[in-house]
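What follows is a set of notes on a single structure, which appears directly below.
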Amino acid sequence: MKVLPQVDSPLLVRTDFSDETAWQALLAVVTTPAATGARANTHIVDDPAYTDLTAAQVVEQAPAGPLGDLLIVADKTAVTAPDVPLLVIYRPGTPDQEGLRVVASQLWSVENAVTAGTRAWDDIADAADDEGVFQGF
């Protein structure tokens, strides 16, 4: 298994390769700036070597360090469900690697808040809906 790259932004790792059209739609949502101009600052990892990795395996392969503490996984659920609920794992806050589902259109707010240190992970997780999906503040 390949080790994920060490880069200057949080990794968004594609683990589901079942639907290229859905993946391209996901990328369009994630990379489009919000009305405020803010966008998620991520490094996209689109490599079939990571097909079907579990959240725990993504964490295992990710580099350590502040930017490696926030990982975004585009798994089967993210690619196939409405609102594209990406799996976001914040290693210090989710040691069990369960993470938090974040709709793609709101990824920017979570990524910006965590990397800038403007919100605690627990505050973000507490803002999730009854299904455990963060839809925004």
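The values are calculated or read from the model by the stated rules, or taken from the named source; none is laboratory data. If you're wondering where the values come from, they're calculated on a predicted model, not measured in any experiment. With ideal geometry, Cβ positions are generated from the backbone for all residues, glycine too; neighbour counts draw on all protein chains shown. Side chains included, ligands, DNA and RNA excluded: accessible areas come from the protein's heavy atoms. Shrake-Rupley method; radii C 1.70, N 1.55, O 1.52, S 1.80 Å.
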What distance in nm separates the simple spin-label points at T118 and T51, each placed 7 Å from Cα in the Cβ direction? 4.0 nm
Keeping the other protein chains in place, figure out the carbon and sulfur percent of the accessible area of region 13-75, with a 1.4 Å probe. 55 percent
May I ask which residue of A55, V45, F134 lies farthest towards the positive end of the charge dipole of the chain, with charges of +1 (Lys, Arg) and -1 (Asp, Glu) on Cβ and the Cα centre as origin? V45
Specify which labelled value, from [x] 48, 30, 24; [y] 39, 38, 25; [z] 35, 32, 29, agrees with Cα extents along the principal axes in Å derived from the coordinates of the model shown. [z]
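With a 1.4 Å probe and all protein chains in place, put E111, E131 in order of accessible area, largest first. Walk me through the numbers on the way to the answer.
Numbers: E111 5, E131 155 Å².
From most accessible down to least: E131, E111.
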State to the nearest 20 debye the size of the charge dipole of the chain about its Cα centre, where the only charges are +1 on K and R beta carbons and -1 on D and E beta carbons. 380 debye
With every protein chain kept in the model, how would you rank D130, D46, D69 by accessible area, 1.4 Å probe, largest at the top? D130, D46, D69
Where the centroid of each part is defined by its Cα atoms, how far is region 83-136 from region 22-80 in Å? 12 Å
